[in-house]
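Asker: Before I ask anything, here is the structure I am working with.
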Amino acid sequence: MYRMAAPALAVASVLAVVAGNTADTAADTAVGIAASGEAAITTVRFTAEERRETLGYWTADRMRKVVAGAALGHDAASVKPWNGPAVKTVGRLFFTNEQGQDSYCTATAVRSRNHSAVMTAGHCVQLPASPGNHYSNMVFVPGYGEGKRPYGTFAVRAFAMPRSWERDAKNDVAVVVVDERKGKSLTDTVGGQAVAVDRKPGGKVTVFGYPDSQEQRGERLMYCAGTTKAAPQDKQSVRCPMEGGSSGGPWLADFDEKSGRGKLVSVNSFGDAAEGASAMEGEVLGATAGELHKRAQGL
């Protein structure tokens with residue numbers, strides 16, 4: 001686990017997991033021109049051919065091996081396996097990073113007009129403060145667990161991120177948009193979490209992720225619960241020190257265990273220390289996150 005000490009020092013592997021597999025890709029990038037009062041957004045789209053190749057690339061065996069060779073830590077006592085009803089909206093986001101290495105994060109299906117939006121961290125789609133260094137070969141696997149993909153694999157056709165993340169490593173949040181699978185949309189398949197912006201820190205949240213710990217190796221959904229508090233640079237923190245791979249995992253307020261639903265108020269960004277972290281930090285979702293969510297619904 002790494003702490004992002006300053007934008008200039010930010011690295012893509014903040015909480016993502018990397019293995020030694022490689023692949024090449026290409027994508028068309030469009031920079032969103034913001035109207036007055038709107039956040040500046042960058043969008044990236046993948047071609048139909050790229051998406052077909054990506055679905056073939058991510059075999060079950062490749063997914064299992066994505067943590068091979070990574071330096072794995074241990075689960076904290078507060079981080080436990082989720083043994084309740086399936087939280088179908090949460091899954092693993094697999095991708096190939098800017099160095100051609102396979103990696104993954106955690107992501108969450110959210111409510112949207114296109115029924116296809118997934119929220120995650122900015123460093124799960126793009127190398128921070130490095131325009132053009134976006135990731136490729138992206139797929140989302142909701143409900144992943146111990147090699148099983150009960151709801152299938154959804155190819156990512158586009159994503160949206162704040163231009164402030166792309167250029168200055170600020171606002172670590174992104175929204176990816178996935179294709180339908182067998183004629184059915186993502187949220188028609190697994191449902192979607194509500195997105196709550198402008199919610200001040202201080203409430204209780206349940207945090208989910210797929211940490212790459214020695215105990216779990218990204219194969220099980222883990223969780224912990226706590227009360228958020230304000231952190232420097234307009235962020236918030238919660239005592240939930242998950243290992244790498246949990247990046248992008250949701251912070252769900254008002255979480256109902258039976259339905260698996262809540263309100264997404266942040267996503268896992270980074271720990272408060274390089275080693276032995278005691279808390280996780282995430283963005284306070286505001287106007288930028290709201291504009292991201294809005295823009296992604298049209299992709």
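The values are calculated or read from the model by the stated rules, or taken from the named source; none is laboratory data. For clarity, every value in this text was computed on a predicted model and none was experimentally measured. Here the Cβ is made from the backbone with ideal geometry for all residues, glycine too, and neighbour counts use every protein chain on show. All accessible areas refer to the heavy atoms of the entire protein, side chains included, with ligands and DNA or RNA removed. Shrake-Rupley method; radii C 1.70, N 1.55, O 1.52, S 1.80 Å.
Asker: With labels modelled as points extended 7 Å from the Cα through the Cβ direction, what inter-label distance (nm, one decimal) is found for Arg52 paired with Ala194?
Answerer: 4.1 nm
Asker: Now, a different point. Find out how many positive minus negative residues lie around Arg52, taking Lys and Arg as positive, Asp and Glu as negative, among other residues whose Cβ is under 14 Å from that of Arg52.
Answerer: On the way: positive: Arg51, Arg157, Arg181; negative: Glu49, Glu50, Glu53, Asp179, Glu180.
Taking every Cβ under 14 Å from that of Arg52, the sum is -2.
Asker: Pop out the carbon and sulfur fraction of the accessible area of the range 202-267 as a percent, whole number, probe 1.4 Å. Intermediate values should be presented prior to the final figure.
Answerer: On the way: 1070 of 2560 Å².
Looking at the range 202-267 in its full context, I get 42 percent from C and S.
Asker: Considering the Cα trace of the range 152-299, what is its radius of gyration and what is Dmax, both in angstroms?
Answerer: 15.4, 45
Asker: With a 1.4 Å probe and all protein chains kept in place, how much accessible area does Glu257 have, in Å² rounded to the nearest 10?
Answerer: 100 Å²
Asker: If you don't mind, there's one more thing I want to ask. Quote the relative contact order of the range 109-205 in percent (integer), defining contacts as alpha-carbon pairs under 8 Å separated by 6+ residues.
Answerer: Averaging sequence separation for qualifying contacts and normalising by length gives 36 percent for the range 109-205.
Asker: A follow-up question, please. Could you give me the ³J(HN,Hα) list for the range 93-104, computed from phi with Karplus coefficients 6.51, -1.76, 1.60 and θ = phi - 60°, whole Hz, x at Gly and Pro?
Answerer: Taking θ as phi minus 60°, the curve returns 9, 9, 7, 10, 7, 5, 9, x, 9, 5, 7, 7 Hz for the range 93-104.
Asker: Let me check I've understood the local charge: for Lys200, count other residues with C-beta under 14 angstrom from its C-beta, Lys and Arg +1, Asp and Glu -1. What total comes out?
Answerer: +2
Asker: Measuring from centroid to centroid over Cα atoms, what is the spacing of the range 237-297 and the range 142-165 in Å?
Answerer: That distance is 16 Å.
Asker: Let me cross-check Tyr151: its accessible surface, 1.4 Å probe, with only protein heavy atoms counted, in Å² to the nearest 10?
Answerer: 60 Å²
Asker: Using a 1.4 angstrom probe, figure out how much accessible area the range 146-200 has per residue, in square angstrom, rounded to the nearest whole.
Answerer: Per residue, the range 146-200 has 43 Å² of solvent-accessible surface.
Asker: Please label the shape of the range 169-244 as rounded, prolate or oblate, based on the square roots a ≥ b ≥ c of the eigenvalues of the alpha-carbon gyration tensor (a/c under 1.5 means rounded; beyond that, a/b larger than b/c means prolate, else oblate).
Answerer: Note, shape of the range 169-244 comes out oblate.
Asker: Please check which bits of the range 234-250 a label hung off Ala77 would reach, taking the label as a point 7 Å along Cα-to-C-beta and the cut-off as backbone N under 14 Å.
Answerer: 241
Asker: Using a 7 Å offset from the Cα along the Cα-to-Cβ direction at both Gln214 and Gln233, what is the distance between the two label points in nm, to one decimal?
Answerer: The answer from the label model is 3.0 nm.
Asker: Please list, or write none, the lysines whose alpha carbon is within less than 19 Å of the alpha carbon of Lys148, excluding same-chain residues fewer than 8 places away.
Answerer: Answer for Lys148, where 19 Å is the Cα cut-off: Lys65, Lys88, Lys182, listed by chain and number.
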